[in-house]
Amino acid sequence: MKDYKGLRLGLCCIFRKEPIKFRQITAKALLQSHREEQLLLLSDICLHNVKSLQKSLYFVAENEIGAFRILSPLFPRLTHPQVGYQLEDLPDMEIIRNGLEEIRSFRQDHDIRLSFHPDQFNVLSSYRDEVIRNTIRELEYQGMLAELVGAEVINIHTGGVYGDKESALNRLQKNIENLSDPVRSRLTLENDDVSYSPKDLLPVCESIGMPMVYDVHHHRCLPDGLSESEVTERVVSLWRSLGREPYFHISSPRNGWGGRATRPHADYIDPADFPSCWTGMTATVDVEAKAKELAVIKIKETLKS
């Protein structure tokens with residue numbers, strides 16, 4: 001399933017118009033109940049979210065969208081130190097596992113690429129042991145879930161500079177080595193719009209043989225002297241050396257490039273923001289736009305025409 005001359009467009013996590021919803025719950029709310037009641041409630045929410053993920057994949061298949069980013073807290077609070085749980089603890093465990101297996105099969109049959117993008121608090125470059133422990137615990141949860149549904153990518157940002165970018169990148173590489181294979185084999189690094197540009201991350205990715213997800217909007221907010229075509233070529237080379245399809249992110253600034261704040265995302269993608277060097281390429285492009293599925297469908301039709 002490809003959208004435009006080999007490009008596979010991706011929808012990120014949730015919907016603007018479609019009546020497909022994912023449920024969440026806070027640890028504070030769960031702590032008001034006894035453990036048995038907690039697990040009943042969590043089981044109900046997890047089952048609902050699995051069914052919503054199934055509906056999400058039906059939608060993307062029907063609309064010829066080639067990729068879907070799964071909401072990270074699909075199983076809410078699973079890694080929380082006080083209310084965390086295992087799938088085996090849930091009363092609906094068998095139904096949930098069967099649903100995940102159906103998702104895995106459907107993804108494979110319809111060639112839908114699945115990914116995760118853990119929240120910003122997951123930082124492998126931190127100097128704080130507690131942050132590293134929490135991050136690894138969260139990434140291992142995502143790796144477990146990725147195995148169950150057949151997701152290929154777990155994409156993270158590098159985090160802060162902490163006054164010494166070189167030391168932070170060294171900590172990042174060291175902590176990556178402590179990840180299990182289900183996580184390590186799926187992990188990708190993404191350039192951000194504040195601290196780490198492609199020029200910072202590409203040498204790291206090339207050194208350790210890890211793919212980089214190229215966010216062109218971030219690069220435009222944090223230029224580094226490399227052209228978009230140069231970065232694209234090196235990113236594509238990394239992915240293809242591993243026998244995998246390259247991955248990019250696209251978004252447009254809410255207030256335009258002439259506005260004061262260029263980082264916030266717009267509802268839709270301005271076709272002028274789509275890099276010409278991506279045209280005709282076999283790759284996945286996640287559409288990071290506030291209008292969600294409406295934005296993906298609109299840019300898909302624009303690119304076709």
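The values are calculated or read from the model by the stated rules, or taken from the named source; none is laboratory data. Treat the numbers as computed from the prediction; the structure is a model and nothing was measured. Here the Cβ is made from the backbone with ideal geometry for all residues, glycine too, and neighbour counts use every protein chain on show.
A few notes on this one:
- Contact map, the stretch 134-161: first residue on the phi > 0 side of the Ramachandran plot, second residue crowded, with 17+ Cβ neighbours inside 10 Å and acidic (D, E), Cβ cut-off under 9 Å, separation 6 or more or different chains; pairs are G159/D192.
- In the stretch 1-58, of all residues being β-branched (V, I, T) and within 21 Å of P118 (Cβ to Cβ), the one that is surrounded by the fewest Cβ atoms within 10 Å (Cβ to Cβ) corresponds to T26.
- Qualifying residue in the stretch 185-193 (condition: among the basic types (K, R) and either out of contact with any Asp or Glu (no Cβ under 7 Å at 6 or more places or on another chain) or more than 30 Å from L226 (Cα to Cα) (or both)): no
- Considering (1) over 19 Å from the mean Cα position of the chain (by Cα); (2) over 15 Å from G84 (Cβ atoms), the lone condition that C12 does not fulfil carries the number (1).
- Any chance I96 is part of a helix (DSSP H, G or I), under 14 Å from M144 (Cβ atoms) and at pLDDT 95 or above: yes
- The numbered conditions (1) in contact with a strand residue (DSSP E or B) (Cβ under 8 Å, 6 or more places away or on another chain); (2) among the aromatic types (F, W, Y); (3) modelled with pLDDT under 95 are all true for Y247 except (3).
- Considering S195, S241, the condition of being among the small types (G, A, S), farther than 15 Å from C277 by Cα and touching a helix residue (DSSP H, G or I) at 6+ places or on another chain (Cβ under 8 Å) is satisfied by S195 alone.
- Within the stretch 223-262, the set of residues being polar (S, T, N, Q) and assigned to a loop (DSSP other than H, G, I, E, B) comprises S227, S251, S252, N255, T262.
- From V183, V161, V216, V235, residue being farther than 17 Å from H117 by Cα and either surrounded by fewer than 20 Cβ atoms within 10 Å (Cβ to Cβ) or touching a helix residue (DSSP H, G or I) at 6+ places or on another chain (Cβ under 7 Å) (or both): V161
- Of all residue pairs spaced 6 or more apart or on separate chains, those with beta-carbon atoms under 9 Å, a first member in the stretch 49-74 that is in a loop (DSSP other than H, G, I, E, B) and a second member that is among the acidic types (D, E) are N63/E293; E64/D3; I65/D3; I65/E293; G66/D3; G66/D111.
- Of residues in the stretch 263-272 being in a loop (DSSP other than H, G, I, E, B) and touching a helix residue (DSSP H, G or I) at 6+ places or on another chain (Cβ under 8 Å), the one surrounded by the fewest Cβ atoms within 10 Å (Cβ to Cβ): D267
- Condition met for K304 (in contact (Cβ under 8 Å) with a residue 24 or more places away in the chain and either crowded, with 20+ Cβ neighbours inside 10 Å or under 29 Å from R186 (Cβ atoms) (or both)): no
- Residues located in the stretch 1-48, provided they are touching a residue at least 24 places away in the same chain (Cβ under 8 Å), part of a helix (DSSP H, G or I) and of a type outside the set (A, V, I, L, M): Q38, S43, D44, C46, H48
- Just one residue in the set R220, R260 is at negative phi and at pLDDT 95 or above; that residue is R220.
- Among the residues of the stretch 275-305, none is identified as over 21 Å from the mean Cα position of the chain (by Cα) and under 10 Å from C12 (Cα atoms).
- Residue within the stretch 273-295 that is of a type outside the set (G, A, S), free of Cβ contacts under 8 Å to residues at least 40 places away in the same chain and not in a loop (DSSP other than H, G, I, E, B) present: no
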